[in-house]
Each structure stands twice: as structure tokens, then as C-alpha cells.
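Reading through the C-alpha cells given below for one structure.
The values are calculated or read from the model by the stated rules, or taken from the named source; none is laboratory data. On a predicted model such as this, the values are computed, not experimentally measured, just so you know. Virtual Cβ from ideal backbone geometry, glycine too; neighbours counted across all protein chains shown. What goes into the accessible areas is simple: the full protein's heavy atoms, side chains included, and nothing from ligands, DNA or RNA. Shrake-Rupley method; radii C 1.70, N 1.55, O 1.52, S 1.80 Å.
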Amino acid sequence: PAQVKEAVAEAVRPLCQEDGRLDGENIHAIRREIEDLMWVQGGVVRDGPGLESAIAGLDELEERAARAPVPPLREYNLAWQEWLNVQNILTVARLTCQSALARRESRGSHYRSDFPDTDNREWLCNILVRRDSDGAPEVWREEAKLTRLQPDRPVSP
């Protein structure tokens, strides 16, 4: 119940205009900036410096999105809906960049120009990401459980 209450409070926060929200940026424009940033720096062809730059850009866009104005209406409020969408898009974009930065190889359609080869011995695994208790990304690897394809794998000692 406490988590639900906290989630609802966070979702309706932009509807409260006492914090000067009327002067902020257009949330739709911020979304387009996120899309452009991810296409150029976090897209299918990526590299470490570009991913680090994307994460820094997402930090700045997250701050700007938090200040975007939303009319104080709960019914048919497209700006509020977009504000909520942008919060989720920022989360997914950040997790995508963090996991791509952790994987130092190219795999499938995810190409790292600074690590162009596939390395099954080191990277045949799943990259997992979550926020820790402080909200910082926690990244780790777990063994990939393969049921069909059995590529060369390292021999266990």
C-alpha cells in the first residue's frame, strides 16, 4: 500500500502548479529530443563515448522534463499523459544505454563500433539492470540459458 501511495503521488505531482510549472518547456519537444538523442547516440550502432554522452544527456532531459508544465486537469489531459510517457521513456532509455555500455561486444543487431566482434566466451550472457535503493543503476550479468542454439562456450574447470 505504501508503494502504491508513493506511485500515485509521483504520477499526480505535475498537476500541482505551486512549484512554478507554468514557465517550463513543452513536454512534447522534450520527448522529440529524447528520441533524437537515442537515435544518434544510443541506437543500433553505438560506442562507449556515445553511450556515456547519451546517459549525460538523459540526465539533463530528465531534469527538464520534471519541470515541464502540465494543466491541472485529470480528465482528457494529453500533456499529463505525455509527461507520464516521457518519465517511462527516460527510464527505458537509461536502462538501454547502461546495459549497452556494460556489454563490450557486438551481438545480433546491437553493434558496438568500438567492440565490433561477437565474443561468446566472455559475453554469452544476459545483461540485467535495475535501480538500487538510491536510484543508481545496478548492472550485472547472468548466464544465458540456451534451449536451441549451442554455440562454443568456455569449458568449466
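For a quick check of understanding: with a 1.4 angstrom probe and all protein chains in place, what accessible area in square angstrom does Arg104 have, to the nearest ten?
Counting only protein heavy atoms, Arg104 exposes about 140 Å² to solvent.
Starting from the amide H of Ser106, placed 1.01 Å from N in the peptide plane, find each other amide H under 5 Å away whose residue is 5 or more places distant or on another chain.
Answer set, sorted by chain and number: Arg112, Asp117, Thr118, Asp119.
Counting only heavy atoms of protein chains, what accessible area per residue, in Å², does the chain have with a probe of 1.4 Å?
67
What FRET efficiency comes out for the pair Ala144/Glu25, r = Cβ-Cβ distance, R0 = 41 Å, nearest 0.05?
0.50
Quick one: dipole size for the chain, taken about the Cα centre, charges +1 on Lys/Arg Cβ and -1 on Asp/Glu Cβ, in debye to the nearest 20.
620
If you build a Gaussian network model of the chain, linking Cα atoms that sit under 10 Å apart, which residue out of Leu58, Leu37, Leu73 swings the most?
Of Leu58, Leu37, Leu73, the Gaussian network model singles out Leu73 as fluctuating most.
Helix 78-102 versus the longest principal axis of the chain: what angle, 0 to 90°, nearest 10, using Cα atoms?
In the chain, helix 78-102 runs at an angle near 20 degrees to the longest axis.
Please give the net charge around Glu105, taking every other residue with its beta carbon less than 9 angstrom from that of Glu105, where Lys and Arg add +1 and Asp and Glu add -1.
+1
Going by alpha carbons, how many degrees (0 to 90, nearest 10) lie between the helix axis of 27-41 and the longest principal axis of the chain?
Once rounded, the angle reads 20 degrees.
Roughly how many nanometres apart are two label points built 7 Å out from the Cα toward the Cβ at Val4 and Ser109?
3.8
Only Cα pairs within less than 10 Å get springs; with that Gaussian network setup on the chain, which residue of Gly24, Gly43, Gly135 has the largest fluctuation?
Evaluated over the chain, the most mobile residue of the options is Gly135.
State the percentage of accessible surface on the chain attributable to carbon and sulfur atoms; use a 1.4 Å probe and exclude ligands, DNA and RNA.
That fraction is 54 percent.
Between Gln98, Gln41, Gln81, where does the largest GNM mean-square fluctuation fall for the chain, given springs only between Cα atoms within less than 10 Å?
Among Gln98, Gln41, Gln81, the largest mean-square fluctuation in the Gaussian network model of the chain belongs to Gln81.
Using the beta-carbon distance between Arg131 and Leu73 and R0 = 41 Å, what value does 1/(1 + (r/R0)^6) give for FRET efficiency, to the nearest 0.05?
0.85
If I fit a long axis through the Cα atoms of helix 48-66 and take the longest principal axis of the Cα atoms of the chain, what angle between them do I get, 0 to 90°, rounded to 10?
With both axes taken from Cα atoms, the answer is about 20 degrees.
Per residue, how big is the convex hull around the C-alpha atoms of the chain? Give it to me in cubic angstrom, could you?
Convex hull volume per residue, Cα atoms: 172 Å³.
Of all the Cα-Cα pairs you can form in region 93-139, what percent are over 16 Å apart?
40
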